[in-house]
Amino acid sequence: MYLPIADTVVNPYALLLIGFCVGVLGGFFGVGGAFMVTPALNIFGFPMAFAIGTDIAHIFGKSIVATFKHALLKHVDWKLGIIVGLTGMYGVQLGKQTIMYLEKIGQVGPIVRIVYIALLFGVGAFMLAEYVKFQKRQEINEDGSLKAEADISPIARKLQNLRIPPMISLPTSGIKAYSLWLIIALGIFTGFVSGFLGVGGGFVRVPMFIYLMGLPTTVAVGTDLLGILISNLWGSYTYAIAGRVEVIGAMVMLLGAGVGAQIGSVATAYVKGMRIRLYFAVTVLLAGVAVIFKQLQWSTAAGVLMLGSACTLSAIVIILLIKGVAEAKQAQLELHSRTTVQDAR
């Protein structure tokens, strides 16, 4: 399929498959998934600036579906998401201006890939290490059952106690008071990451929500999608004005992503919080390896790893969803059976 704006030829089925898989993963992890899609588009023939702009537009459309689903599950902190999304718009603009400058001097591809590698491996390794520590501690609830999620991190507890007015409460996230200035700084920083790397910023924002603010994993996922929706509306507009959005490519990916995002969003209701973090870490690390392959000019290997890992992880999420639904139905049947026996007595 020929894409006139980017002046390149791509396989439409590959775009559709990427959209579906990243839709599943985005809805499940609360990220735009562009840390996989932008490098993948670049690997499949998009110039880096077009890969970034097109993916930002695709993320915006997908986030509408995913945010709606998470809102129904009550996983969205609307106050936090709106603040982070609005302040993120400024960061997106800074990131876009940086990309335009790097494109002008002919350094956008290599520099963006190097930054990708550093961030992907840093975030992935940190979250994987945290999961291993949690498994070793085997934390127990008061009723004797194993905890599904770790307690908030020490740094999040310290930041919650840091009194830099104005302070705001975030009841949905379980936070009594948090400095508005810290939230604004988080929004601008992750917005810059979004505009610079062509991502929703979620692979950085979700860990920051969890480890710097102390949000439960599912709330971090849903709230991040709202922030992505707001900030990427502006990002899509700015890249479109600059002529760096391949509309046809974005629409093809969005067809698959709309379906995948609904599946991934619902799956979060059936998977434990720490398990979500584990799969998130693995996904980020695999994306980092694929970008290294691209940097080494191993484009075929990078494309196979990127698409293969996205498909495999999407399949795992779908299996977890099916398993969770089956277990929930079985539990309902057992409860109904016990209730019937008790009524008979």
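What to note about this one:
- On Cα atoms only, tilt of 78-104 relative to the major axis of the chain in degrees: 20
- Cα long-axis angle, helix 247-267 against the chain (0 to 90 degrees, to the nearest 10): 10
- Least to most buried among GLU327, GLU130 (fewest other Cβ within 10 Å first): GLU327, GLU130
- Neighbour-count ranking [beta-carbon atoms within 10 angstrom, fewest first] of LYS294, LYS104: LYS104, LYS294
- All-pairs Cα distance distribution in the chain, expressed in whole percent, bin size 10 Å: 6, 26, 35, 21, 9, 3, 1, 0, 0
- The order of LEU102, LEU229, going from fewest to most other C-beta atoms within 10 Å of their C-beta, is LEU102, LEU229.
- Principal-axis analysis of the Cα atoms of the chain puts helix 217-241 at an angle of about 20° to the longest axis.
- Each peptide among 329-335, 274-280 gets the average number of other Cβ atoms lying within 10 Å of its residues, and from highest to lowest they stand as 274-280, 329-335.
Laboratory data are not the source of any read-out in this text; all were calculated from the coordinates shown. Given the structure is predicted, the values throughout are model-derived calculations rather than measurements. Glycine gets a Cβ as well: all are built from the backbone with ideal geometry, and neighbour counts include every protein chain shown.
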